[in-house]
Amino acid sequence: MIRVLVAEDMHIVRGALVALLRLEPDIDVVAEVASGLEILPMARQAAADVAVIDIDLPGKDGLTAATELHEQLPGCRTLILTSLGRPGTLRRALDAKVGGFLLKDAPPDRLANAVRGVVAGRRMVDGDLALAAWDSVDCPLTVRELDVLRMTAQGYGTVEIAARLYLSAGTVRNYLTTIVAKLNARNRVDAIRIAQDSGWL
């Protein structure tokens, strides 16, 4: 029996996912959570084989939680669900070592098959999305630049970002100037839009 944790903050969607998975004779939903912060402790407590994780979760996003699972609980595979079929998002998911990446509008039978594939050690990725990622442009920003831009998008000011990332305020301003230039953006807001539309954030 495949033990599954479902992480989705929208109650109706989570209920539908759980109901679909419980129709399968070889799948047992052993835990449900609504926040990214709950994933690792609950996966550990429930001894989950697979975590089916929405990419956009409160508290901690799905890819960050998937990375933590990969590092701290490698026996639990991850399957990311998203409504955003952007190639950059898929690249981030693969960088996070997720086992699968599935669009929420995929046919219902694909979910159970993806869970089975992931638990068997296969990478389960939506075919159209994989082709789009093949042709997509690589993100020109460094990991640190992405951290700074992500925090800017979340509404943190320069001083707050500096404190959280152990940088000086001047260094953060320099990063933001470099980010705007690299993305050919008009300003920080435009840089955030470009990065989000490309799936880099």
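The values are calculated or read from the model by the stated rules, or taken from the named source; none is laboratory data. From a predicted model like this one, the values you see are computed outputs, not experimental measurements. Cβ coordinates were reconstructed from backbone atoms using ideal geometry, including for glycine residues, and neighbour counts include every protein chain displayed.
Output the residue which, of all residues in the range 146-158 that are touching a residue at least 12 places away in the same chain (Cβ under 8 Å) and not charged (D, E, K, R), is farthest from Trp200 (Cα to Cα). Before the answer, list the steps.
Taking the range 146-158 and keeping what is touching a residue at least 12 places away in the same chain (Cβ under 8 Å), we get 146-153, 158.
Now restrict to residues that are not charged (D, E, K, R): 146, 148-149, 151-153, 158.
On the way: Leu146: 8, Val148: 13, Leu149: 10, Met151: 13, Thr152: 14, Ala153: 12, Thr158: 21 Å.
Looking at the filtered set, the residue picked out is Thr158.
The residue pairs whose first member lies in the range 105-121 and is farther than 14 Å from Val4 by Cβ and hydrophobic (A, V, I, L, M, F, W, C), whose second member is at pLDDT below 95 and not in a helix (DSSP H, G or I), and whose beta carbons are closer than 7 Å, counting only pairs six or more residues apart or on different chains, are Ala106/Asp126.
Residue by residue, here is whether (1) at pLDDT 95 or above; (2) more than 16 Å from Val125 (Cβ to Cβ); (3) in a helix (DSSP H, G or I) holds:
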{"residue": "Val4", "(1), (2), (3)": "yes, yes, no"}
{"residue": "Val52", "(1), (2), (3)": "yes, no, no"}
{"residue": "Asp56", "(1), (2), (3)": "no, yes, no"}
{"residue": "Gly59", "(1), (2), (3)": "no, yes, no"}
{"residue": "Ile80", "(1), (2), (3)": "no, no, no"}
{"residue": "Ala93", "(1), (2), (3)": "no, no, yes"}
{"residue": "Val98", "(1), (2), (3)": "no, no, no"}
{"residue": "Asp105", "(1), (2), (3)": "no, no, no"}
{"residue": "Asp109", "(1), (2), (3)": "no, yes, yes"}
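If you go through the range 58-70 and keep only what is touching an Asp or Glu at 6+ places or on another chain (Cβ under 6 Å) and buried (at least 23 other Cβ atoms within 10 Å of the Cβ), you end up with just Gly62. All conditions but one from (1) in a helix (DSSP H, G or I); (2) surrounded by 13 or more Cβ atoms within 10 Å (Cβ to Cβ); (3) modelled with pLDDT under 90 apply to Trp134; the one that does not is (2).
With respect to Leu141, is the statement that it is surrounded by 20 or more Cβ atoms within 10 Å (Cβ to Cβ) and outside any helix (DSSP H, G or I) true? Working first, answer last.
Working: surrounded by 20 or more Cβ atoms within 10 Å (Cβ to Cβ): yes; outside any helix (DSSP H, G or I): yes.
Considered against the rule, which asks whether it is surrounded by 20 or more Cβ atoms within 10 Å (Cβ to Cβ) and outside any helix (DSSP H, G or I), Leu141 comes out as yes.
Of the residues making up the range 28-55, those that are in contact with a helix residue (DSSP H, G or I) (Cβ under 7 Å, 6 or more places away or on another chain), surrounded by fewer than 22 Cβ atoms within 10 Å (Cβ to Cβ) and either in contact (Cβ under 8 Å) with a residue 40 or more places away in the chain or not assigned by TED's automatic domain parsing to the domain that holds Gly99 (or both) number 1.
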